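Here's the structure, in structure tokens; my notes come after.
Quick note: the coordinates plus some simple rules give every number you see, no bench work behind them. These figures come from a predicted structure and were not determined experimentally. Cβ placement follows ideal geometry from the backbone for every residue including glycine, while neighbour counts extend to all protein chains displayed.
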Amino acid sequence: MKINKITVTNFRSIKYAEITADKFNVFVGQNNHGKTNFFEAIDWFYGAKGDIDKIRFMRDGNAEVCVEIEFSEIQDGIAKMKNEKNKTAIKNLLGENDTVRVKRISSDSKTRKIFDTNKNEWLAKNPTGFDSAFNDFLPKFEYVSTQINPMEMAKYGKNTPIANMLSGVLTAILEQNKDYAAFREKFDELFTAPESEVRVKLDELSGKVKVCLEKQFPDCNKVVFEVAEPVFEDLLKNFDTSIDDGVYTDADEKGDGMQRALMLAIIQTYADFRREHEETSKFFLFFIDEGELHLHPSAQRKLKNALLELAKGGDQVFINTHSSVLVVDEHDEQTIFKVEKINKETNIAPITEIEKPFVVYELLGGSPADLLLPKNFLIVEGKSDLEFVNKVIERHYSEKPRVQIVPADGDLIQTQRSFNAIVQVFKPLETSIYKDKAVIFVDKQADITQRDTFLTNHANLQTNGQFFESTAASIEEYYPTTWQKVAADVKKMSGDDKLNQAKSAGDGISKIDFESQMPKLFEALSKCWELAYN
């Protein structure tokens, strides 16, 4: 049983977001763009925590918060339930369906609602006793927030992974242990046997207290001091975690990286323990906020490999990150999502292999060493060009050589700097491997002198046909009629407006219209593919 789809509406910075989940899911984006908000929406779905008025989108009191999750492979989840009463209740409700839609809404946040596929509507009221049965049915949710102190996971406390593991393991052992049975017997002899010295002294003291109390309450005829047998959990309250990495110390004396790694290791072990020892073999959902925090890049890669093993074993992993290390490697059943805030709204969308270089360079500040070299580069003027071209390639030319689109973020001067940077960065043994490969596409230049000077300084670009100039002053004016804007309207558009326009055009334009109505850009792309490395 796993999450198939998540839909979040009006939760903090998220007006609307919908994703189709994989076994291993990575969310990337800049600070304050809404990655944690998405994770906390799932936390709210599970526990309805937080002041509802503070989590509404834009703090709009009329906005209905809704988090809906569609679970798939639910028959496997039902089969794994060990509590027969709960199992029967879920089976009666869901029948032979293999998916179930569940939502929590702010107007009735105390309970979750189930979608009835037979009636094609949400159930107005859940059956009696449904909540406990449904909690038993759902995959176990583990949210590792950056706000959690790693050492809290490594100490014995109420409902911590360490507490559950120790209680589960040691209780089973002590129930059969002769020494523990002898300890309990000795305790009884010392504190409860009438003839014991301790019991006699306690009775003597309680008798004196009874005399004093009787003066105020004549009906009081006895006071007894009892010493209860210590609860097993109380014996572990002084439990602590130590680590020997060449220097034996308490875990809280180690560095932040070690503490963070220990916390994640405990959670992973806890998941395995639950499956092996408890009356359930349900799978886990791991939501890990900035999993790379405090970890060296090599440790980050090891962390990802460990989490991938959990995913292969049946668990589902969701992790948000600023680390290119967790993004660059491709794996089966892995999806990478780009999280970005546009016009104050968080947008979440899966990225393709074509978009990955942009994510690594622009969003995460990654190094070229994090990626295999692209077949070629196409330098464009801005992020709108980047967004549009990537979508066109993804939809219509996925079979072509993989080229990296680089936004110069400016005019011809910035384009020149980007070209020179690529030439210098990829220059082993004093020979640039992209000087005669990279292609430039610019808007129509108002300053012809500046353009001609640029081409004079880079004569090879014109000779090799690596330079292309649009017939319009901006990409917005170059789109086909459906998405085209006039110059006056372009000046009024914000960066986010232009980006949304690029997405709309990229998603809607046909291959025929692109090639016939945007011929200069198509020629530039074609030349980029022609010059690309095989």
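In this structure the amide hydrogen of ALA438, modeled in the peptide plane, comes within under 5 Å of the amide hydrogens of PHE377, none closer than 5 places in sequence on its chain.
The protection proxy used here, the mean number of other Cβ atoms lying within 10 Å of each residue, ranks peptides 177-186, 479-488, 376-385, 392-401 as follows, highest first: 376-385, 392-401, 479-488, 177-186. Basic side chains Lys and Arg get +1 at the Cβ, acidic Asp and Glu get -1 at the Cβ, and with that the dipole of the range 23-98 about its Cα centre reaches some 300 debye.
Packing, taken as the mean count of other beta carbons within 10 Å per residue, orders the peptides 89-102, 204-217, 45-58 from highest to lowest as 89-102, 45-58, 204-217. For the range 432-534, the direction-averaged projected area of the alpha-carbon convex hull comes to 7.9 nm². Couplings 3J(HN,Hα) for the range 15-30, derived from phi with the Karplus relation 6.51 cos²θ - 1.76 cosθ + 1.60 (θ = phi - 60°), are 6, 7, 8, 9, 10, 9, 8, 10, 6, 10, 10, 10, 10, 10, x, 6 Hz, where x marks Gly and Pro.
A cut-off under 13 angstrom between Cβ atoms defines the neighbours of LYS186, and their net charge, with Lys, Arg +1 and Asp, Glu -1, is -3.
Provide the net charge surrounding ASN118, with neighbours chosen by a C-beta distance below 14 Å and charges set as Lys +1, Arg +1, Asp -1, Glu -1.
Values: positive: ARG101, LYS119; negative: GLU96, ASP116, GLU121.
Local charge sum for ASN118: -1.
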